[in-house]
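What follows is calculated from the coordinates using simple rules that are stated; it is not laboratory data. Computed from a prediction, not measured in an experiment: that's the story for all the values here. Neighbour counts run over all protein chains shown; Cβ positions are idealised from the backbone, glycine included.
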Amino acid sequence: MRLGTDRIEVDGQAVGTREKIYLVLNKERGVVTTASDEQGRATVYDSLPASLRGPTSEWIAPVGRLDKASEGLLLMTNDSEWAARITAPESHLDKTYHVQIAAVAGDPLLEALQRGVENRGEVLHATRVSLLRTGEKNSWIEIVLNEGKNRQIRRMFESLGIDVLRLVRVSIGPLALGDLPRGATRLLTVQEKASLDRSLPKRAKPVHTR
């Protein structure tokens, strides 16, 4: 999605416009969420369309992060104010993950995740937890968070002595990853952008003083 433009002036003279870009990426596992990597690993910028990778192209940045081993829905934009609102702790925007673990999950595990587990002096808990399916040795669990503590889901299972096999973010607020192929990108639609905006807290109106 490309929305509106910002008017840029120097000494009162317009020097150009800056188009706002809102992009959806299905991040692949093993890709890092940085512009470059000293170890030569693939980055999310390698997945961008060629028009956004050239030296003269508009710079866009990830909205939040997914660690190297995680995959799924990642937003990218050049609208830094909007990105800050999406990631702000006070937004309490639900983020939904599908997590495969090396254990057969039952009610006690689901209850522990929702009640909270201690890790490195912090109590971490999920907003909502549900069992998607189980096998003989592993399970898929849906976990919803409305806060963004670093590596929160992995740390929760670490405290419970359970290995995470896959971690996929499938939605941010009302925006679902859907059937976007791994490593692919697309522009956010006008309707999706409006729906995300409605999910965010209202911005306070500026106070005018004399």
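How large is log10 I(q)/I(0) at q = 0.14, 0.23, 0.28, 0.32 Å⁻¹ when the Debye formula is applied to the Cα atoms of segment 119-170, each weighted equally and without solvent?
Those come out to -0.37, -1.00, -1.39, -1.56, one per q.
Spelling out what I want: for every residue of segment 26-39, take phi, set θ = phi - 60°, compute 6.51 cos²θ - 1.76 cosθ + 1.60 (Karplus), and round to whole Hz; glycine and proline get x.
Residue by residue, segment 26-39 yields 9, 5, 8, 5, x, 9, 9, 9, 9, 6, 8, 9, 5, 8 Hz.
So for segment 95-172, averaging the separation of alpha carbon pairs under 8 Å that are six or more residues apart and normalising by length, what relative contact order in percent results? Show your work: numbers first, answer last.
Details: 144 pairs, mean separation 36.6, N = 78.
It rounds to 47 percent for segment 95-172.
Working from Cα positions, state the angle (0 to 90°, nearest 10) between the long axis of helix 190-199 and the longest principal axis of the chain.
60
Please express the shape of segment 116-206 as an equivalent ellipsoid: the semi-axes are the square roots of 5 times the eigenvalues of the C-alpha gyration tensor, given largest first in whole angstrom. Could the numbers behind the result be given before it?
Values: eigenvalues 164, 84, 25 Å².
Whole-Å semi-axes of the equivalent ellipsoid: 29, 21, 11.
Looking at the chain, send over the antiparallel percent of its DSSP beta bridges, to the nearest 5. If you can, show how the numbers build up before the last one.
On the way: 44 of 47 bridges.
Of all bridge pairs located within the chain, approximately 95 percent are antiparallel.
Compute a Gaussian network model of the chain, connecting alpha carbons closer than 10 Å, and tell me which residue from ARG120, ARG155, ARG133 fluctuates the most.
Taking springs between Cα atoms under 10 Å, the residue moving most is ARG120.
Using the alpha-carbon centroid of each, what span in Å lies between segment 167-202 and segment 54-107?
Result: 10 Å between the Cα centres.
What translational D, rounded to a whole number of µm²/s, comes out for the chain from Stokes-Einstein when the hydrodynamic radius is the Kirkwood one over Cα pairs, at 25 °C and 0.890 mPa s?
Details: Rh = 19.0 Å.
This corresponds to a translational diffusion coefficient of 129 µm²/s.
Residues with amide H under 5 Å of ASP79's amide H, sequence separation 5 or more or different chain, H placed in the peptide plane at 1.01 Å from N; which?
ILE21
Among LYS20/LYS68; LYS95/LYS193; LYS27/LYS202; LYS68/LYS193, which pairs are too far apart, with a Cα-Cα distance over 24 Å? Please list the in-between numbers first.
Values: LYS20/LYS68 27 Å; LYS95/LYS193 16 Å; LYS27/LYS202 29 Å; LYS68/LYS193 26 Å.
Beyond 24 Å between Cα atoms: LYS20/LYS68; LYS27/LYS202; LYS68/LYS193.
Only Cα pairs under 8 Å and at least 6 apart count here; give the relative contact order of the chain as a rounded whole percent. Intermediate results must be reported in sequence, preceding the final value.
On the way: 381 pairs, mean separation 49.7, N = 210.
Averaging sequence separation for qualifying contacts and normalising by length gives 24 percent for the chain.
Counting Lys +1, Arg +1, Asp -1, Glu -1, what net charge surrounds ASP94 among other residues with beta carbon under 13 Å of its beta carbon? Could you put the intermediate results ahead of the total?
On the way: positive: LYS95, ARG128, ARG169; negative: GLU142, GLU147.
Taking every other residue near ASP94 into account, the sum is +1.
Place the peptides 165-176, 85-96 in order of packing, highest mean first, counting for every residue the other Cβ atoms within 10 Å and averaging per peptide. Each step should come with its number before you reach the end.
Values: 165-176: 18.4, 85-96: 16.6.
Taking the mean over residues of other Cβ atoms within 10 Å, the ranking is 165-176, 85-96.
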